[in-house]
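Asker: Let me begin by handing over the structure; questions about it come next.
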Amino acid sequence: MSLKSAVAITAGKSAHWFLKTFLHGGTALPGKLTLAIDPNVLKTLGANYETVIITGTNGKTLTTALTVKTLRSKYSVLTNPSGSNMNQGIVTAFLTAQKTKSGKNLAVLETDEANVEIVTRYLHPKVFVLTNIFRDQMDRYGEIYTTYEKILKGIRLEPTATIIANGDAPIFNSQQLPNPTIYYGIDQGNDQQLQAAPNTDGLLCPKCQHILRYHQLSYSNLGKYYCPNCDFKRPVLTHQVEKIIRQKPTSSTLIIDHQPLTLQIGGTYNIYNALAAFSVARFFGISAAKIAEIFDRNDEKVFGRQEVIAIQDKQATLILVKNPVGLDQVLEMIKTDPDQFSLAVLLNANYADGIDTSWIWDGGFEKLPFERIPVVLTGGERWRDITFRLRVAGADQTNFQQAPALSKVVEQIKKLPTQKIYILATYTAMLQLRKLLAEQGFIKEGMD
């Protein structure tokens with residue numbers, strides 16, 4: 001270890017101790033400080049770790065949490081659990097890790113798509129996990145093929161690393177790579193002749209540019225796709241969901257590779273996340289039965305991903321939303337709740353959220369069961385935008401409230417008439433809300 005690295009690591013650890021002890025934060029700033037002293041420090045910190053990078057548009061945080069939860073049954077695992085997935089957040093994760101002296105040390109890292117290349121240069125990953133690519137934060141990523149190229153720049157640096165990719169996403173089968181590849185997906189049989197909605201991204205065959213068709217369609221462009229004009233089709237799946245038995249807002253019961261299991265979180269999109277984690281765990285030698293046992297435990301909250309928070313007598317479910325496909329899947333999930341519930345939607349448009357809010361018009365708010373939603377509450381820095389969007393969707397049918405100051409949201413939530421509340425929030429709005437909830441003692445701590 002060089003003197004520069006030693007000084008940088010000492011400074012970063014000291015900063016983290018101070019922030020954690022006195023300000024109850026510290027997921028990014030220690031990493032920023034460390035990188036300012038030694039921009040190459042990640043190479044030193046990551047030595048002697050086998051690294052798994054998890055990236056994609058949606059599902060990174062939950063996939064990472066489930067993967068870590070499973071692998072810890074057998075290995076010592078470092079991770080970045082708060083969703084701080086840029087370079088500085090990853091450095092902080094290494095700064096605060098407790099590395100064992102014997103046995104295999106794994107680093108399972110949620111990584112922003114644009115940071116895959118940077119992280120790969122220093123950590124030389126053993127595995128890349130690809131969840132999906134949808135249109136998201138156009139100001140940062142551009143179209144989906146631009147996003148995928150950012151990821152590929154990192155993968156091409158490690159041609160022997162294993163790729164574990166969503167086989168139902170056509171984009172992950174669009175480029176020939178030398179890497180060994182494991183595909184996962186959903187195949188419940190009963191093939192049909194289907195086509196995706198006409199405004200869906202990623203429907204052109206990469207070989208002949210014809211529009212793809214489907215034998216099975218999960219949502220958006222995910223499913224058992226094929227080109228009616230050439231031989232392009234979904235690759236053979238190594239791991240697959242064979243049957244979705246039952247779905248509720250808070251759980252899903254399914255069969256993966258002949259193994260029945262229950263996932264303690266709702267939504268079809270989260271079934272894909274669980275399947276990705278299942279595939280990684282199998283790669284590292286965890287049995288299917290053990291994975292099922294671990295998935296069935298409801299013993300941790302995942303930061304902002306269907307995180308249930310008790311606010312006095314209310315049960316508030318906090319869910320991150322950030323793009324049309326993810327939003328639609330969240331709306332589909334909460335529609336399955338048979339009970340009455342209140343709905344809060346908090347919209348910010350900072351850099352981490354994406355500064356363009358036009359994506360809210362592509363989400364299907366019109367499908368919400370407003371007859372079972374006695375109160376709709378809007379807030380955040382762009383509360384006017386989301387208020388107008390929900391008025392157009394039909395929220396005026398019910399009691400429609402606004403909270404222009406996010407500081408007032410918690411007080412208004414306490415007064416809502418239903419015990420059950422779903423809070424949909426963009427990233428920085430979620431951080432701000434969690435900070436308020438921490439200050440009032442409803443959660444242990446917010447996130448910086």
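The values are calculated or read from the model by the stated rules, or taken from the named source; none is laboratory data. What you are looking at is a predicted structure, and each value in this text was computed from that prediction instead of being measured. Cβ sites come from the backbone with ideal geometry, for glycine too, and all protein chains shown count toward neighbours. The accessibility values were calculated without ligands, DNA or RNA, using every heavy atom of the protein model including side chains. Shrake-Rupley method; radii C 1.70, N 1.55, O 1.52, S 1.80 Å.
Asker: Which of the residue pairs Lys335/Lys414; Lys104/Lys322; Lys32/Lys408 have a Cα-Cα distance greater than 24 Å in the structure shown?
Answerer: Numbers: Lys335/Lys414 22 Å; Lys104/Lys322 36 Å; Lys32/Lys408 32 Å.
Lys104/Lys322; Lys32/Lys408, as the Cα separations exceed 24 Å there.
Asker: Report the gain in length on full extension from Gln188 to Glu371: 0.36 nm times residue separation, minus Cα-Cα distance, nm rounded to one decimal.
Answerer: Numbers: separation 183, 0.36 × 183 = 65.88 nm, distance 3.31 nm.
Answer, rounded to one decimal: 62.6 nm.
Asker: So, for region 205-344, what is the accessible surface per residue at a probe of 1.4 Å, expressed in square angstrom?
Answerer: Here the residues of region 205-344 average 39 Å² of exposed surface.
Asker: Which GluC sites (Glu not before Pro) in region 112-190 pass both tests, a DSSP loop state and at most 16 other beta-carbon atoms within 10 Å?
Answerer: Numbers: sites: Glu113, Glu117, Glu143, Glu149; in loops: Glu143.
Here the GluC sites (Glu not before Pro) that fit, given the DSSP loop and packing criteria, are Glu143.
Asker: Roughly speaking, what is the centre-to-centre gap between region 224-263 and region 43-59 when only Cα atoms are used, to the nearest Å?
Answerer: A separation of 26 Å, based on Cα centres.
Asker: What distance in nm lies between label points placed 7 Å from Cα along the C-beta direction at Arg391 and Glu293?
Answerer: Here the answer is 5.7 nm between the modelled labels.
Asker: I need the GluC sites (Glu not before Pro) found in region 272-379, filtered to DSSP loop residues with at most 16 other beta carbons within 10 Å of theirs. Display every interim value, and only then the final one.
Answerer: Numbers: sites: Glu293, Glu300, Glu307, Glu332, Glu366, Glu371; in loops: Glu300.
Hits after loop and neighbour filter: Glu300.
Asker: Do the sum for the chain: with -39,500 (n - 2.57) for every DSSP H run of n ≥ 4, divided by all residues, what is the mean residue ellipticity at 222 nm, to the nearest 500 deg cm²/dmol?
Answerer: Numbers: 14 runs with 141 residues, N = 448.
Helix contribution divided over all residues of the chain: -9500 deg cm²/dmol.
Asker: Calculate, for Gln98 and Leu157, the FRET efficiency according to 1/(1 + (r/R0)^6) with r their C-beta to C-beta distance and R0 35 Å; round to the nearest 0.05. Spell out each step's value before the answer.
Answerer: Working: r = 28 Å, r/R0 = 0.81.
E(calc), rounded to 0.05, equals 0.75.
Asker: Give the range of the longest stretch in the chain that excludes all trypsin sites (Lys or Arg not before Pro) found in loop regions by DSSP and having at most 13 other beta-carbon atoms within 10 Å.
Answerer: Result for the longest clean stretch: 298-414.
Asker: Okay, moving on. What does the extension gain come out to for His124 and Ile245, with contour length at 0.36 nm per residue minus their alpha carbon separation?
Answerer: Working: separation 121, 0.36 × 121 = 43.56 nm, distance 3.91 nm.
39.6 nm is the gain from fully extending His124 to Ile245.
Asker: Here's something else I'd like to know. Of all the accessible heavy-atom surface of region 291-404, with the other protein chains kept in place and a 1.4 Å probe, what percent is carbon and sulfur?
Answerer: Here carbon and sulfur together make up 47 percent of the probe-accessible area.
Asker: Could you work out how far the C-alpha centroid of region 342-392 sits from that of region 403-427, in angstrom?
Answerer: 13
Asker: With N denoting the number of residues in the chain, provide Rg(C-alpha) divided by 2.2 N^0.38 Å, to two decimal places.
Answerer: Details: Rg = 21.7 Å, N = 448, 2.2 N^0.38 = 22.4 Å.
Against the compact-globule rule of thumb, the ratio is 0.97.
Asker: Just to verify a number: FRET efficiency for Val236 and Lys335, C-beta to C-beta distance, R0 = 35 Å, to 0.05? Can you show the working numbers first?
Answerer: Numbers: r = 34 Å, r/R0 = 0.96.
Calculated value: 0.55.
Asker: Counting only complete DSSP H runs, which helices of the chain cover 20 Å or more along their long axis at the Cα atoms and score a mean Kyte-Doolittle of 0.0 or above?
Answerer: Details: long enough: 3-18 (23 Å, 0.49); 268-283 (23 Å, 0.61).
Membrane-span-like by this criterion, though nothing is claimed about a membrane: 3-18, 268-283.
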